[in-house]
Amino acid sequence: MYSVNNLGIRYSGIDIFTNVSFLINEKDRIGLTGKNGAGKSTLLKLLSKKIEANEGTITIPKDRSVKYLPQHITCTTNLSIFDEAMTAFEEHQDLENRIDKITNELTSRTDYESKEYLNLINELNHANDRFHILDGQSMEGNTEKVLYGLGFEKEKFGNLVSSLSGGWQMRVELAKILLQTPDLILLDEPTNHLDIESIQWLEDFLKSYNGAVVLVSHDRAFLDAVTNRTIEITKGKIYDYKCNYSEYIKQREVLLNQQKSRFENQQKEIKEVEDFIERFRYKATKAKQVQSRIKQLDKIDRQELDLIDKKSIHFKFPPAPSSGKISVEIENYSKSYGDNNVLKDINLTLLRNEFIAFVGKNGEGKSTLAKSIMNHIEYEGNIKLGHNVKIGYYAQNQAELMDEEQTVFETIDNVAVGEVRKKVKNILGSFLFSGEDIEKKVKVLSGGEKSRLALAKLLLEPVNLLILDEPTNHIDMQSKDILKNALLDYNGTLIVVSHDRDFLKGLTNKVFEFKNHKVKEHLGDISYFIEKRKLENLKELERRSKSGNTKSNTTSSNKEEYLRRKEIEKAKRKLQKAVEKIETQIEEQESMIAIMDDQLSHPNDFNINLEDGSFLEKYNKAKKRLDSYVTEWEKLSEDLDKFEA
């Protein structure tokens, strides 16, 4: 058990939090939540002893180990990926060297009855026991397993860590922490540099982990899958909920309502007392009662609405200008970096008003294709924009591209043109930059503030194609939800590169999967894609189990067969639910179209003006939506038929 008692820390005279106290139990999975700047990362640094608190104590038992993964690291190693990961086993390797040394010494000695010889035997036994407790015999196997789970390909294990991008270097650091199996793991935004498959692997690892985990993440799906406890930091205080993130949101709403009710009742009581004092302040006959009421007012322990923080970004994208049916046409596209062939012979057509998710492992070409569409990099083949297509682009490193010496206001004002320049302060206000904030230089902003400022630039002119590369990194959960809602109201074409399943869920209607130098198109949103990928993995498991049956004994085969069948039945049920859901959507859409058909037949009866075209546009959209539902139903039904076959 780890204890935090009356912890307080301040920067530049401003309290980040005060009198914070809580316990961390041995199997806790704690998610820290709160707005950017609330103190989540600061709390992790305090727990890891990277910084010292101004007041209070953190007690960690001496026999307990703690490992911390920050948001950013600096690479200093000259080792390969595999060798660097193996440095996690420092104690294991020391024991192994000690065992070899003692064994060699025993082999060369003949004083079998001496005290020194017996001491060496005891030391060897102790070292062997400790080595087996640490699972030392599986060091290399475990290293391979963790590296593979985090997305590294075995044939690249020998590559130097220094040759990797910052995101992949973070994966190596994460692998080392997981391999060390500390008693307490502290993770600050661990999913920022992971793809969807690696995130799912990490979820499974942490769920079955034998120690405690405290993490900061803006990935709602990840938090829900891993955590069993949520600690919210807001306005310098903490609120501890014994549940995952989604359940915390529900409980928080109840607490907010209770707190608001107490606050309103107290305000009513205070007003009544203040009215009495004001009414009879100057009446001598009431002096005693007035003094009594003043004392009563002083004694009131005033309620505060600590949990209510209404500040959040709010905005809408400008209406998209009209454009041709085709937004982007890609023909015979290939891209290599030196000998590294990223994408080869890609042919894609992106239509107007499609919402597309680019997904796949890091390094498979998602951002590369986005940059190619923007014509920011050279490539082979042709990329042609449709008629009157205007692009708004948010790069993955957009925040880093800004001039750090400019102020917040200058960053927007220098780009804005025409009438929109009059709205610069309003736009900044929508993204929580107001008052003195707009005069801050970019270099003093937090990561979340820089991301908000970069997003604000997208509102400076109307566009009909939005390309967003990892837009949710570094922004808090509430701001992420507001961005998603703004995108759902956007009436142009959207391409979003993201590994955030919760953000993508219900947002896009197509998934482009980047894998093995190719791009594969999948209809439906991210949820269906993930279920389908699990299904494909199960099919691969089935093939492997069949090929391995001749080599395994009957008991093992039966167990594997049972587990395989269990997983397949589970996936089948989910697929059946998906089919039922799309069938309901088709029925609802057909009913709506039937009503509109009747309205079209008798427009005067329903006061419908067909000349302005709005009703026909709505009707055509409904028909297209029905077509997409039917296409998705056919695909789902085909997969279900294969399952049942």
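If you filter region 27-60 down to residues that are out of contact with any strand residue (DSSP E or B) (no Cβ under 6 Å at 6 or more places or on another chain) and open to solvent by 60 Å² or more (accessible area, probe 1.4 Å), you find that the one that is nearest to Arg229 (Cα to Cα) is Lys27.
Within region 473-489, which residues are in a loop (DSSP other than H, G, I, E, B), crowded, with 19+ Cβ neighbours inside 10 Å and of a type outside the set (Val, Ile, Thr)?
Going residue by residue through region 473-489, those that are in a loop (DSSP other than H, G, I, E, B) are 473-476, 489.
Now restrict to residues that are crowded, with 19+ Cβ neighbours inside 10 Å: 473-476.
Asn473, His474, Asp476 - these are the residues of region 473-489 that are in a loop (DSSP other than H, G, I, E, B), crowded, with 19+ Cβ neighbours inside 10 Å and of a type outside the set (Val, Ile, Thr).
The set of residues from region 202-254 being open to solvent by less than 30 Å² (accessible area, probe 1.4 Å), in a loop (DSSP other than H, G, I, E, B) and not β-branched (Val, Ile, Thr) comprises Tyr209, Gly211, Ser217, His218, Asp219, Gly236, Cys243. Restricting Ser336, Ser323 to residues that are open to solvent by less than 70 Å² (accessible area, probe 1.4 Å), assigned to a strand (DSSP E or B), over 19 Å from Glu470 (Cβ atoms) and modelled with pLDDT under 95 narrows the list to Ser336.
Of all residues being in a helix (DSSP H, G or I) and polar (S, T, N, Q) in region 89-124, which is modelled with the lowest pLDDT? Just the residue, please. If we take residues in region 89-124 being in a helix (DSSP H, G or I) and polar (S, T, N, Q), then Gln93 is modelled with the lowest pLDDT. Checked against the criterion of being in contact (Cβ under 8 Å) with a residue 40 or more places away in the chain, more than 19 Å from Ser162 (Cβ to Cβ) and of a type in the set (D, E, K, R), the candidates Glu55, Glu90 yield just one match: Glu55. Residue pairs whose Cβ atoms lie under 6 Å apart, separated by 6 or more positions or on different chains, with the first residue in region 473-495 and closer than 25 Å to Val328 by Cα and the second hydroxyl-bearing (Ser, Thr, Tyr) and crowded, with 17+ Cβ neighbours inside 10 Å, are Thr493/Ser327. Within region 344-367, the set of residues being surrounded by fewer than 21 Cβ atoms within 10 Å (Cβ to Cβ) and among the acidic types (Asp, Glu) comprises Asp345, Glu354. Selection of first residues in region 576-596 that are under 16 Å from Lys635 (Cα atoms) and of second residues that are small (Gly, Ala, Ser), restricted to Cβ pairs under 7 Å at least 6 apart or on distinct chains, gives the following pairs, ordered by first then second residue: Val579/Ser637. Each residue in region 89-119 was checked for being in contact with an Asp or Glu (Cβ under 9 Å, 6 or more places away or on another chain) and under 30 Å from Leu179 (Cβ atoms), and 4 of them qualify.
Taken over region 452-466, the residue count meeting the criterion of being over 14 Å from Val415 (Cα atoms), among the hydrophobic types (A, V, I, L, M, F, W, C) and in contact with a Lys or Arg (Cβ under 9 Å, 6 or more places away or on another chain) is 2.
Taken together, the residues in region 433-472 that are modelled with pLDDT of 80 or more, farther than 30 Å from Lys325 by Cα and not in a helix (DSSP H, G or I) amount to 5.
Would you check if there is a residue in region 404-412 being part of a helix (DSSP H, G or I), of a type in the set (S, T, N, Q) and surrounded by 15 or more Cβ atoms within 10 Å (Cβ to Cβ)? The answer is yes, given that some residue of region 404-412 is part of a helix (DSSP H, G or I), of a type in the set (S, T, N, Q) and surrounded by 15 or more Cβ atoms within 10 Å (Cβ to Cβ).
Take the conditions (1) touching a helix residue (DSSP H, G or I) at 6+ places or on another chain (Cβ under 8 Å); (2) outside any helix (DSSP H, G or I); (3) without any contact (Cβ under 8 Å) to a residue 60 or more places away in the chain; Leu428 misses just one of them, which is (2).
Scanning region 597-645 for residues that are among the aromatic types (Phe, Trp, Tyr), open to solvent by less than 60 Å² (accessible area, probe 1.4 Å) and without any contact (Cβ under 8 Å) to a residue 40 or more places away in the chain yields Phe615, Tyr619. Of all residues in region 395-424, those that are modelled with pLDDT of 85 or more have Cβ atoms under 6 Å from Cβ atoms of residues that are open to solvent by 70 Å² or more (accessible area, probe 1.4 Å) and part of a loop (DSSP other than H, G, I, E, B), 6 or more apart or on another chain, in Val408/Lys440.
Looking across region 368-392 at every residue that is closer than 19 Å to Val463 by Cβ and within 26 Å of the chain's Cα centre (by Cα), the one that is surrounded by the fewest Cβ atoms within 10 Å (Cβ to Cβ) is identified as Met374. The number of residues in region 158-208 being of a type in the set (Ser, Thr, Tyr) and closer than 17 Å to Leu47 by Cβ comes to 0.
Hey, any hits in region 248-264 for a residue that's under 18 Å from the mean Cα position of the chain (by Cα) and not polar (S, T, N, Q)?
Taking region 248-264 and keeping what is under 18 Å from the mean Cα position of the chain (by Cα), we get 248-249.
Restricting the remaining residues to those that are not polar (S, T, N, Q) gives 248-249.
The answer is yes, given that some residue of region 248-264 is under 18 Å from the mean Cα position of the chain (by Cα) and not polar (S, T, N, Q).
Within region 435-458, residues that are open to solvent by 60 Å² or more (accessible area, probe 1.4 Å) sit with their Cβ atoms under 6 Å from residues that are modelled with pLDDT of 85 or more, at 6+ positions apart or across chains, in these pairs: Glu439/Thr407; Lys440/Val408; Lys441/Thr407; Lys443/Glu404. Within region 94-152, being within 30 Å of Asn516 (Cα to Cα) and surrounded by 13 or more Cβ atoms within 10 Å (Cβ to Cβ) holds for Met139, Asn142, Thr143, Glu144, Lys145, Val146, Leu147, Tyr148, Gly149, Leu150, Gly151, Phe152. Among the residues of region 263-272, is any at pLDDT 90 or above and more than 27 Å from Lys366 (Cβ to Cβ)? No; the residues of region 263-272 include none that is at pLDDT 90 or above and more than 27 Å from Lys366 (Cβ to Cβ). Within region 61-86, if we keep just the residues that are farther than 21 Å from Lys50 by Cα and outside any loop (DSSP other than H, G, I, E, B), the residue that is most open to solvent (accessible area, probe 1.4 Å) turns out to be Asp83. Contact map, region 171-196: first residue farther than 19 Å from Leu223 by Cβ, second residue outside any loop (DSSP other than H, G, I, E, B) and of a type in the set (Gly, Ala, Ser), Cβ cut-off under 7 Å, separation 6 or more or different chains; pairs are Val172/Ala85; Ala175/Ala85; Lys176/Ala85; Lys176/Ala88; Leu179/Ala85; Leu179/Ala88; Gln180/Ala88; Asp183/Ala212. Does Lys35 qualify as being under 33 Å from the mean Cα position of the chain (by Cα), at pLDDT 90 or above and basic (Lys, Arg)? Spelling it out, it is not the case that Lys35 is under 33 Å from the mean Cα position of the chain (by Cα), at pLDDT 90 or above and basic (Lys, Arg).
Just give me the residues in region 231-244 being touching a residue at least 40 places away in the same chain (Cβ under 8 Å) and either out of contact with any helix residue (DSSP H, G or I) (no Cβ under 6 Å at 6 or more places or on another chain) or more than 23 Å from Lys484 (Cα to Cα) (or both), in sequence order. Lay out the reasoning, then the answer.
Of all residues in region 231-244, those touching a residue at least 40 places away in the same chain (Cβ under 8 Å) come to 231-240, 244.
Result: Ile231, Glu232, Ile233, Thr234, Lys235, Gly236, Lys237, Ile238, Tyr239, Asp240.
The values are calculated or read from the model by the stated rules, or taken from the named source; none is laboratory data. Worth saying up front: this structure is predicted, and the values here are computed from it rather than measured. Virtual Cβ from ideal backbone geometry, glycine too; neighbours counted across all protein chains shown. To get the accessible areas, we keep the full protein, side chains included, count just its heavy atoms, and leave off ligands, DNA and RNA. Shrake-Rupley method; radii C 1.70, N 1.55, O 1.52, S 1.80 Å.
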